[in-house]
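Read-outs throughout are calculated quantities, based only on the coordinates presented, and are distinct from any laboratory measurement. Predicted model, so just to flag it, every value in this text is computed and none were measured. Every residue, glycine among them, receives a Cβ derived from its backbone with ideal geometry; neighbour counts consider all protein chains shown.
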């Protein structure tokens with residue numbers, strides 16, 4: 001999905017832009033596919049991003065919750081996104097990986113925080129007081145993560161602009177939530193447009209592909 005991706009380097013200064021996608025020329029081996037989506041390694045090459053994941057104790061009970069909604073955000077689009085998130089939670093829970101997600105209770109601080117901004121794609125997020133978000137250029141949706149020095153995740157933010165097409169929401173939310181697991185690089189190239197949720201140029205899939213499932217299970221064995 002063509003979204004903006006930003007990363008907060010936890011316990012370090014400021015923000016760093018991540019490698020958003022790596023191009024694949026045809027089908028990749030499972031090893032190359034996993035390393036591409038997990039650490040932006042080109043086929044046969046070295047990682048370009050840190051390999052990060054939730055701690056095992058956190059992965060057993062990851063919570064997803066909305067923490068901010070702009071007053072002017074389109075209600076129908078918000079309802080579609082919330083439905084897309086619920087659907088994505090169910091698909092990830094059915095993936096047979098050692099990860100389990102649920103909606104956060106009102107009294108809980110969610111691990112995965114969802115925000116709705118009444119701004120168009122390309123505008124900059126401001127005024128949240130969240131270091132990981134303020135100043136970030138928003139895409140149709142924007143995924144931002146933070147991690148500890150030992151590369152275990154602490155937070156994931158999914159920020160939605162008011163520009164997301166309704167027809168692409170289910171695919172987009174499944175991709176964003178999957179990338180919150182630490183599989184945070186898109187795949188360029190035509191081969192994976194109909195085969196992977198990580199496709200950079202297509203939002204046609206609404207379910208995890210064969211190699212998507214493999215990568216999630218390998219990340220959380």
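Looking only at 107, 161, 204, which one moves most when the chain is put into a Gaussian network model with springs between Cα atoms under 10 Å?
107
Decide, for the range 42-104, between rounded, prolate and oblate: order the square roots of the alpha carbon gyration tensor eigenvalues as a ≥ b ≥ c, take rounded if a/c falls under 1.5, and otherwise choose prolate if a/b is larger than b/c, else oblate.
Working: a/c = 2.21, a/b = 1.59, b/c = 1.39.
Judged from the Cα gyration tensor, the range 42-104 comes out prolate (a/c at least 1.5, a/b above b/c).
Divide by every residue of the chain the summed helix terms, -39500 (n - 2.57) for each DSSP H run of at least 4, and state the resulting mean residue ellipticity at 222 nm, rounded to the nearest 500 deg cm²/dmol.
Details: 5 runs with 54 residues, N = 221.
Calculated from helices alone, the mean residue ellipticity at 222 nm is -7500 deg cm²/dmol.
Assuming R0 = 25 Å, can you tell me the calculated FRET efficiency for the pair residue 154 and residue 190, based on Cβ-Cβ distance, to the nearest 0.05? Kindly include the intermediate steps, with their values, before the conclusion.
Details: r = 36 Å, r/R0 = 1.44.
Efficiency computed from Cβ-Cβ geometry: 0.10.
Rounded to the nearest 5, what % of the DSSP beta bridges within the chain are antiparallel ones?
Antiparallel bridges make up about 30 percent of those DSSP assigns within the chain.
If I fit a long axis through the Cα atoms of helix 30-39 and take the longest principal axis of the Cα atoms of the chain, what angle between them do I get, 0 to 90°, rounded to 10?
Once rounded, the angle reads 30 degrees.
Can you tell me the orientation of helix 169-179 relative to the chain, as the angle in degrees between its alpha-carbon axis and the longest Cα principal axis, to the nearest 10?
Once rounded, the angle reads 70 degrees.
Measuring from label point to label point, each 7 Å out along Cα→Cβ, what is the residue 70 to residue 108 span in nm?
It is 2.9 nm.
Relative contact order, percent, of the chain when contacts are C-alpha pairs under 8 Å separated by at least 6 residues?
29 percent
As I understand it, the value is the acute angle between the Cα axis of helix 75-93 and the longest principal axis of the Cα atoms of the chain; what does it come to in degrees, rounded to 10?
Orientation of helix 75-93: about 40 degrees from the principal axis.
By the gyration tensor of its Cα atoms, with a ≥ b ≥ c the square roots of the eigenvalues, what is the shape of the range 30-142: rounded for a/c under 1.5, prolate for a/b over b/c, or oblate?
Oblate is the answer for the range 30-142, as a/c is 1.5 or above yet b/c matches or exceeds a/b.
Quickly rank 46-58, 91-103 as a protection proxy: mean count of other C-beta atoms within 10 Å, highest first.
Highest mean packing first, the order is 91-103, 46-58.
Using only the Cα atoms of the chain, build the gyration tensor, take square roots of its eigenvalues as a ≥ b ≥ c, and label the shape rounded, prolate or oblate: rounded if a/c is under 1.5, else prolate if a/b is larger than b/c, else oblate.
The shape class here is rounded.
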